[in-house]
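S.K.: Let me give you the structure first, and then I'll get to my questions.
The values are calculated or read from the model by the stated rules, or taken from the named source; none is laboratory data. Computed from a prediction, not measured in an experiment: that's the story for all the values here. Here the Cβ positions follow ideal geometry from the backbone for every residue, glycine too, while neighbour counts run over all protein chains shown. Just so you know, the surface numbers come from the protein's heavy atoms only, side chains and all, with ligands and any DNA or RNA stripped out. Shrake-Rupley method; radii C 1.70, N 1.55, O 1.52, S 1.80 Å.
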Amino acid sequence: MFRLTGKIAWVSLARRRTRSVLVVLMIAVSLWGLLFMEGIYDGMVEQMINNAIRSDSGHISLFGGGYRLDPDLSRQVADVAAVDDFLAKDSRVLSYVKRLKQDGLVATAHYSRGAAIFGVDLEVEERHGRLAGYLYQGEFSFGRRARGAIIGFKLADKLQVRIGSKIILSAQDRHSDVSAAPLKVTGILKTNNMALDENAVFIADKKARKLLAMDEGVSQVAVILHDEAQIPGLQQELRRRFPHLEILRWNELYPALMQSRVMMEGFNLVTSLLIFCVAALGVFGVMLVSVLERLREFGIMLAIGTRFSQIRNIIFAESFFLGFIGFGLGALIGWGTLYYFKIYGLDLSMFSDAFDEFGMDAVTYAIIRPSYFVTALVAVTMATFLSVLVPLWVLKKAKPIEAINKN
Amino acid sequence: MLFKKSLIKLALFGLVWAVAPVLPLSAFADGADEIIKKVEHNLNGKTAVMELTMVVKTKRTERTMKMESYSIGNNKSFIKILYPGKDKGITFLTVDNSMWQYVPRIEKTIKIPTSMMLQSWMGSDFSNDDLVNESSISEDYTQKLLEETDKEYRVELLPTEDAAVVWGKIIMAVSKMYYLPTTVQYFDEEDMLIRELAYTDIKPFGDRFYPTRWLMLPKEPQKAANKTIIEISNAVFDAEVDESYFTKRALKRYSK
Amino acid sequence: MLFKLALRNITAHKKRSSVTALLTAIMTALLVFSSAWIDGSHDTMIQSAVEIYPGYLQITGKEFRANPSYDHLIFDAAAIEQELAQNNDIASFGARFESFVLFSADEKAVGGMLTGIEPEKEVHLSRLSSSLKKGEYLSADDTNQVYIGHELAKRLKLGVGDEVAFVGSGADYSFAADNLKVKGIFQTGLFDFDANSAFLAKGYFDRIMVAENYATHFIVLPKRPGQAAELAAAIADNIGPQYQSASWNQTMAGLVKAMKLDSIFSYITLGIIFIVIFFVIMIYTFLAVFARIREIGILRAIGTTPKQILALLLLESSLLALISVVIGGLIGGAFAHYFHHNPIVFAGMEEQFKQYGLAASAMPTAFMPLMILRDMVVMFGLSVLSTLYPILKVNRFRPVEAIHHV
């Protein structure tokens, strides 16, 4: 019975081939557009978040008590050993880094600028956040005897320094004395994390400790987890275990990025609604016309004993065929497009040279989430279902049997 | 520090000169080292008390300030502004690498933050850092005699790897007669001349000769019209200087 | 004749025509509203960023913007003032003197910007006075009364009535210092600005900073802010080459770029929506045309040429498109107009806006008839274009085929 219904539906669609193809194309194209937008825009936001997580905050960051309000050298992550011990053993933790941080001044013979000095271990940073991937110029190394500095590209621009230039770094050490050290720029980073690109000077941990007279203690421990879903759980546990530390999630440290994500979700929802309203309108028009022009045909079917429910099923089947073929086609093209941009990235730099000024990557790598397809499928199903309700109602009211006698 | 120290530092002479550093093996090396040694000896003292006048000229203004300075060795100094009346009683204290300032008008002592160290000092072509910076030629630079004329030596000073100085190179001309500097040129890493300090008018003070007129000329295009002149009207070296000058309390106490 | 026929055809198929028309009208309304929204939000962002403090038009010493030192001041503020007073395109203007100083409440010093302003004029030029949070705004004859940013006050632990000292250098590079009393605390919402800025009445400021008749900026509010660039050029011609007159497009180039970037994404989105719309209209036209295929066949059979039929169908679709576009434009325009006067408020989005240096969360739409007209033309073109394929296709049938088409 189902087979027959399906067959009849299929044949009726085939009879109006151009029209059916147009509807299928329309659904496919809207789906493609929707997938493209979702994948690219999400990719863009996730990239920004990812940049912040990799280069700075991790999923969770630990600071000394009161550090964020008054980032003084005296406010360190106390009992680093205990934190170390806990993080090293916890199976949720993918990796973590310890950084020493102090604000200071970086100067050349011509210019001077405020800077955020980070004492880091490059090998650990690379394993942790693949920091070397952000290298813009030079090399990812502090060079012989750790005299090098890796600095943000905007800072480099403001100081007008290149690879090999000398910079003098000065800062208040633990005793509140001003301490200074000469360094050579070995690398320039472009993380598209604006705060880092404008201020950061990464130097060897050992060098930083000497400069700041800090034998021990760290300012920040950044933790990356295997699974984002475990962030709140781990945060709570850390807070319980280390009540005197400030323990914050990335979205508490970068609220603007979190808002971008929320806004993007809202935007995607509105756009998908819009597109599916339009698509539903398209299916509705076609189905309505196709019901109206077949009134006689349905009348004859009813007259020879076909039940109305069977006709209803045929109409539903037609609509679903259109919807699902369109969905399949659109999902396929959409997936292909996103896959392409996932691998090769979408380069928007031809439209604007301003991306890096706002902490965005000019090349966006798309994201493909199964949820895009599930949501779209639900939406297509709804659209095709809703769009035949009116035609069915029209059909019922029109009393098809009477229609036989017309014409 | 102030003045003596800053003087010394500015020219990079301030050292308590201990053992000679490792010498480069150039033919002139011994010569350059000896020269700098003598220069430093001539400019250096255990203590110094000076009276001086500073004239700051820009494209459109000219200002004169008078002040006195007390210093011990290389890392403590105290300066008090005497003139103009509006600024009278402003005092500066530098100890090691830190700098404080007392302003009688607001009755406040302020510690100059690190971020301000490279700002101009009292509107002059010297920076706060020039006054504070403890860099010394012997420790921070390697010396090389470039040229010798009838009257002068020209010594090239290149910062050592560890020296926290912004300059790429300094060229100092030294008078053969007094073993005192005559001009000091500061270059960036690309050998561009950034500023030039000229010492003239050498006069005797007790048992030593000392340059009493210093002229600082910035060479960067945007500051080309500026200059700062310091004239030392009186100086006493190696006398006892009261240690109480070099405390934060002194800032207010000696302001009057 | 053709026109009458077309009109008759449209009215004869009321249902079909009205569905197509409705569809096109909705699309038009959507487009009109979207562009009003994009333009409106950008205008608001620019407006708020510009009006908080920087102003639409700034006059400075020629090299001041590149090298903001006391060597590049405006040294004859009175002359500029005279010049500006004569200009009829200026709504209001005022002078400012910005200087970098150290603020100090206890021994700890905090660097910041101390600016002399003309308090009464500043009311029209910036949102300083309306950003008052505590205490009072300045008045012209105030002496050592300071109006200070909320975050700066917090850093210095100051409340209204507390004392704060500053040291800095006067316009003649002389030493300047004074004790100030907090008269008011403001918060514009721009963190950096609020954490670095404090204001004094310019009269008093000029005395302690030796800045009489000097200024770092003149801020000008044009009568028509949209013409700021033209006005800047006109002023530049009058004040002489030692000064620079720049509109916000120049002084806030970063913001302009940010808006452009945002537009790119908006247009990508709109582009995709248009592709979908294009298909929908095409399908509806297709249905409409094929429903009349017999009629067309008969017309052909009685000797109407394909050209005439093409003209007839195109005229029909154009007429229909015109009607729908007008209706849609009116609806979209009405919405744009309504939300222009009743802005949409985005509570909780402030962080994000602040990133762009904005402190506004109410976004009115732009209501610009010319833009609406532009969108209507675009939609008209789009809908006529989308009818081309079905019309051409139906015209390819041979008359007999068409008559027998089921």
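S.K.: Arranged from highest to lowest average of other beta-carbon atoms within 10 Å per residue, in what order do the peptides B:67-79, A:229-241 appear?
M.R.: B:67-79, A:229-241
S.K.: Then there's this: Note the buried accessible area between C and A here, summed over both chains, with a 1.4 Å probe, in Å² to the nearest 100.
M.R.: Accessible area lost upon association: around 3600 Å².
S.K.: Which aspartates and glutamates, if any, have their Cα less than 12 Å from the Cα of C:K133, not counting same-chain residues under 8 positions apart?
M.R.: List returned: C:E151, C:D194.
S.K.: Just for the Cα atoms in chain C, what are the lengths along the principal axes, largest first, rounded to whole Å?
M.R.: 100, 44, 29
S.K.: For a quick check of your reading of the filter: which GluC sites (Glu not before Pro) in segment B:189-233 sit in a DSSP loop and have no more than 11 other Cβ atoms within 10 Å?
M.R.: Here the GluC sites (Glu not before Pro) that fit, given the DSSP loop and packing criteria, are B:E190.
S.K.: Okay, moving on. What residues have an amide H closer than 5 Å to that of B:Y141, excluding those fewer than 5 places away on the same chain, when H is modeled at 1.01 Å from N in the peptide plane?
M.R.: Residues meeting the amide H criterion: B:T160.
S.K.: State, as an integer percentage, the relative contact order of chain C based on alpha-carbon contacts under 8 Å between residues 6 or more apart. Walk me through the intermediate numbers first.
M.R.: Working: 703 pairs, mean separation 109.0, N = 406.
Relative contact order, chain C: 27 percent.
S.K.: Under a 1.4 Å probe, what is the accessible area of the protein assembly as shown per residue, stated in Å²? Can you show the working numbers first?
M.R.: Numbers: 46430 Å² over 1069 residues.
Per residue, the protein assembly as shown has an accessible area of 43 Å².
S.K.: Let me spell out the model: positive unit charges on the Cβ of Lys and Arg, negative unit charges on the Cβ of Asp and Glu, origin at the Cα centre of segment A:49-108. What dipole size does that give, in debye rounded to 20? Before the final figure, lay out the partial values.
M.R.: Numbers: 8 positive and 8 negative charges, 40 e Å.
So the dipole magnitude of segment A:49-108 works out to roughly 200 debye.
S.K.: Equivalent-ellipsoid semi-axes (√(5λ), Cα gyration tensor) for the protein assembly as shown, whole Å, largest first?
M.R.: Result for the protein assembly as shown: semi-axes of 75, 33, 25 Å.
S.K.: For helix B:29-43, report the angle its Cα long axis makes with the longest principal axis of the Cα atoms of chain B; keep it between 0 and 90° and round to the nearest 10°.
M.R.: Between helix and principal axis, roughly 20 degrees.
S.K.: Considering only DSSP states other than H, G, I, E and B, which trypsin sites (Lys or Arg not before Pro) in segment C:177-227 qualify as loop sites with at most 15 other Cβ atoms within 10 Å?
M.R.: Of the trypsin sites (Lys or Arg not before Pro), the ones in loops of segment C:177-227 whose Cβ has at most 15 other Cβ atoms within 10 Å are C:K223.
S.K.: What does the buried accessible surface come to for A and B, summed over both chains, with the probe at 1.4 Å? Round to 100 Å². Could the numbers behind the result be given before it?
M.R.: Values: alone 20840 and 12800 Å², together 31820 Å².
Interface between A and B: roughly 1800 Å².
S.K.: Report, ordered by chain and residue number, the lysines lying within cross-link reach of A:K210, taken as a straight Cα distance under 22 Å and ignoring same-chain residues fewer than 8 apart.
M.R.: A:K98, A:K101, A:K166, A:K184
S.K.: Taking the DSSP beta bridges in the protein assembly as shown as the whole, what percent of them are antiparallel, to the nearest 5? Spell out each step's value before the answer.
M.R.: Details: 164 of 185 bridges.
Here the antiparallel bridges make up roughly 90 percent for the protein assembly as shown.
S.K.: Okay, moving on. At a 1.4 Å probe, which residues in segment B:121-167 are at least 40 Å² less accessible with all protein chains present than in their chain isolated?
M.R.: Listed by number, the residues meeting the 40 Å² cut-off are B:E161, B:D162, B:A164, B:V166.
S.K.: Further question on the same structure: Can you tell me the 0 to 90 degree angle between the C-alpha axis of helix C:2-12 and the longest principal axis of chain C, rounded to 10?
M.R.: Long axis of C:2-12 versus the principal axis of chain C: about 90 degrees.
S.K.: What average count of beta carbons from other chains do you get within 10 Å of the Cβ of residues in A:282-289? Please report the intermediate quantities before stating the final value.
M.R.: Values: counts 9, 2, 3, 10, 5, 0, 4, 10.
What the average comes to for A:282-289 is 5.
S.K.: Count charges around B:A173 for me, please; just the other residues with Cβ under 12 Å from its Cβ, Lys/Arg as +1, Asp/Glu as -1.
M.R.: The answer is -2.
S.K.: Check cross-link reach from C:K4 to the aspartates and glutamates: straight Cα distance under 17 Å, and skip same-chain residues fewer than eight apart.
M.R.: C:E295, C:E316
S.K.: Could you work out, residue by residue across C:279-292, how many beta carbons of other chains sit within 10 Å of that residue's beta carbon, and then give the average as an integer?
M.R.: Mean inter-chain Cβ contacts per residue within 10 Å come to 5.
S.K.: Using the Kirkwood radius over C-alpha pairs as Rh, can you work out the diffusion coefficient of chain B via Stokes-Einstein at 25 °C, viscosity 0.890 mPa s, in µm² per second?
M.R.: 132
S.K.: Please work out the C-alpha center-to-center distance from segment A:272-316 to segment A:86-142 and express it in whole Å.
M.R.: Using only Cα atoms to place each centre, the spacing works out to 64 Å.
S.K.: Quick one: compute the contact order of chain B, relative version, from alpha carbon pairs under 8 angstrom and 6+ residues apart, as a percent. Could the numbers behind the result be given before it?
M.R.: Details: 621 pairs, mean separation 57.5, N = 256.
Value for chain B: 22 percent.
S.K.: In Å, what Rg and Dmax follow from the Cα atoms of segment B:75-124?
M.R.: Expressed in Å, the Cα Rg and Dmax of segment B:75-124 come to 11.0, 30.
S.K.: How many percent of the accessible area of the protein assembly as shown is carbon or sulfur, using a 1.4 Å probe? The partial results should precede the final answer.
M.R.: Numbers: 26960 of 46430 Å².
Here carbon and sulfur together make up 58 percent of the probe-accessible area.
S.K.: Based on the Kirkwood radius over alpha-carbon pairs, what is the Stokes-Einstein translational diffusion coefficient of segment A:150-306 at 10 °C with 1.306 mPa s viscosity, in µm²/s?
M.R.: Estimated via Stokes-Einstein, D reaches 71 µm²/s.
S.K.: Let me ask something else. Residue farthest toward the positive end of the dipole of the protein assembly as shown, with Cβ of Lys/Arg at +1 and Asp/Glu at -1: which of C:V220, A:L73, C:A105?
M.R.: After comparing all options, I get C:V220.
S.K.: As an exercise, use a Förster radius of 25 Å and the Cβ-Cβ distance of B:K203 and B:L146 to find the FRET efficiency, rounded to the nearest 0.05. Write down the numbers at each step before the final one.
M.R.: Numbers: r = 28 Å, r/R0 = 1.12.
E(calc), rounded to 0.05, equals 0.35.
S.K.: Could you tell me which trypsin sites (Lys or Arg not before Pro) in segment B:104-167 are loop residues by DSSP with no more than 11 other beta carbons within 10 angstrom of their beta carbon?
M.R.: Values: sites: B:R105, B:K108, B:K111, B:K144, B:K151, B:R154; in loops: B:R105, B:K151.
Answer in residue order: B:K151.
S.K.: Moving on. Within the set of other residues whose C-beta is less than 11 Å from the C-beta of C:H217, count the net charge using Lys and Arg as +1 and Asp and Glu as -1.
M.R.: With Lys, Arg at +1 and Asp, Glu at -1, the net is +1.
S.K.: Using just the alpha carbons, could you tell me how many Å³ per residue the convex hull of segment C:55-251 encloses?
M.R.: 109
S.K.: Can you give the average number of partner chain beta-carbon atoms within 10 Å of each beta-carbon in peptide A:175-182, as a whole number?
M.R.: If you average over the peptide's residues, the count of other-chain Cβ atoms is 6.
S.K.: How big is D, in µm² s⁻¹, for segment A:65-244 by Stokes-Einstein at 20 °C and 1.002 mPa s if Rh is the Kirkwood radius over C-alpha pairs?
M.R.: It diffuses with D of about 126 µm²/s by this estimate.
S.K.: Beyond 36 Å, what share of the Cα-Cα pairs of chain A is found? Please give it as a whole percent.
M.R.: Tail fraction, whole percent: 46.
S.K.: Further, regarding this structure: Where the only charges are on Cβ atoms (+1 Lys, Arg; -1 Asp, Glu), what is the dipole of segment B:2-253 about its Cα centre, to the nearest 20 debye?
M.R.: 1540
S.K.: Could you state the angle between the C-alpha long axis of helix A:231-241 and the longest principal axis of the C-alpha atoms of chain A, as a value from 0 to 90 degrees rounded to the nearest 10?
M.R.: The helix A:231-241 is inclined about 40 degrees to chain A.
S.K.: Oh, and also: For chains C and B, what's the summed buried accessible area, probe 1.4 Å, to the nearest 100 square angstrom? Show your work: numbers first, answer last.
M.R.: Working: alone 20280 and 12800 Å², together 30960 Å².
In total, chains C and B hide about 2100 Å² from solvent.
S.K.: Checking a compactness column here: for segment A:1-129, what do you get for Rg(Cα) / (2.2 N^0.38 Å), N being the number of residues?
M.R.: 2.04
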